[in-house]
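Here's the structure, in structure tokens; my notes come after.
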Amino acid sequence: MIKRLLSLGAAALAALATACEDGPATVAGTWRSPAAWSSLVYATTQGPLLLEVLGDPFRLPAAEFRRTVADAMSRQTPGRPFAFTTRAEDAPHATFRVVVAFNPAPDLDPRKLCGGPVAIMSGGGDRVTLLAAFCEGETMLASVSGWVAKAADAEDRRFRQLLGQTVRDLFGPPA
């Protein structure tokens with residue numbers, strides 16, 4: 001009986017480990033400004049936070065993909081639900097923004113997302129990578145990297161989970 005339970009437990013663990021191989025997975029950057037949370041609160045008090053989307057692993061019309069990403073990232077922080085907008089004129093404090101790069105160059109420093117043009121690799125493969133930064137002007141306040149494999153399209157549940165995890169890791173819990 002114990003052998004059977006152990007073998008069932010091992011099979012369940014193997015199934016879980018296999019499921020995790022496709023992600024999503026995120027890793028918060030090694031540094032987060034102590035002002036990141038208060039900056040988020042300030043930037044979202046009067047309306048949505050600006051979101052810049054670079055690249056598109058699914059090759060959708062640009063506006064549609066940006067809208068899908070903004071929707072998936074909105075209302076993802078416990079204790080501070082807020083919306084994203086991709087239109088600067090709709091963000092009351094547009095100097096604060098989140099920049100998300102899909103399939104960025106592997107050696108891209110996240111601080112560069114706040115300061116200007118960055119290299120985006122063309123799609124390819126079945127793995128979507130991302131690098132995100134919360135910026136005030138050209139200053140990075142926080143960053144996150146992540147990936148998901150075998151996402152069918154921008155509406156894929158795991159792709160949307162990747163975006164939600166990105167927001168939660170980017171801002172973290174209130175200090």
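The values are calculated or read from the model by the stated rules, or taken from the named source; none is laboratory data. Source: prediction; values computed, not measured. Ideal geometry is used to build each Cβ from the backbone, glycine not excepted, and the neighbour counts take in all protein chains shown. Heads up: the accessible areas ignore ligands, DNA and RNA and are worked out on the full protein's heavy atoms, side chains in. Shrake-Rupley method; radii C 1.70, N 1.55, O 1.52, S 1.80 Å.
Key figures
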item	result
For the chain: accessible area per residue (Å², 1.4 Å)	54 Å²
Choice from M73, M140, M121 with maximal GNM fluctuation in the chain (Cα, 10 Å cutoff)	M121
Most mobile of A62, A94, A83 in a GNM of the chain (Cα contacts under 10 Å)	A62
Whole-Hz ³J(HN,Hα) from phi, Karplus 6.51 cos²θ - 1.76 cosθ + 1.60, for region 56-67, glycine and proline x	7, x, 10, 6, 8, x, 3, 4, 5, 5, 4, 5
The chain: relative contact order in percent, alpha carbon pairs under 8 Å with at least 6 residues between	29 percent
Entry for Rg/Rh (Cα atoms, Kirkwood Rh) (calculated from the structure that is shown) out of [x] 0.96; [y] 1.94; [z] 1.05	[z]
Within-9-Å neighbourhood charge of A43 [Cβ basis; K, R +1; D, E -1]	0
Amide H contacts of R127 (H built 1.01 Å from N, under 5 Å, at least 5 apart or other chain)	K150
Label-point gap, in nm, between A35 and T139 - each point 7 angstrom along Cα→Cβ	0.3 nm
Nonlocal amide H pairs with A119, under 5 Å, H built at 1.01 Å	A105
Label-zone membership for region 21-40, site M121, 7 angstrom Cα→C-beta point, backbone N under 20 Å	21-29
Choice from F84, F134, F58 with maximal GNM fluctuation in the chain (Cα, 10 Å cutoff)	F58
Selection from C114, S74, P104, by position along the positive dipole direction of the chain (Cβ)	S74
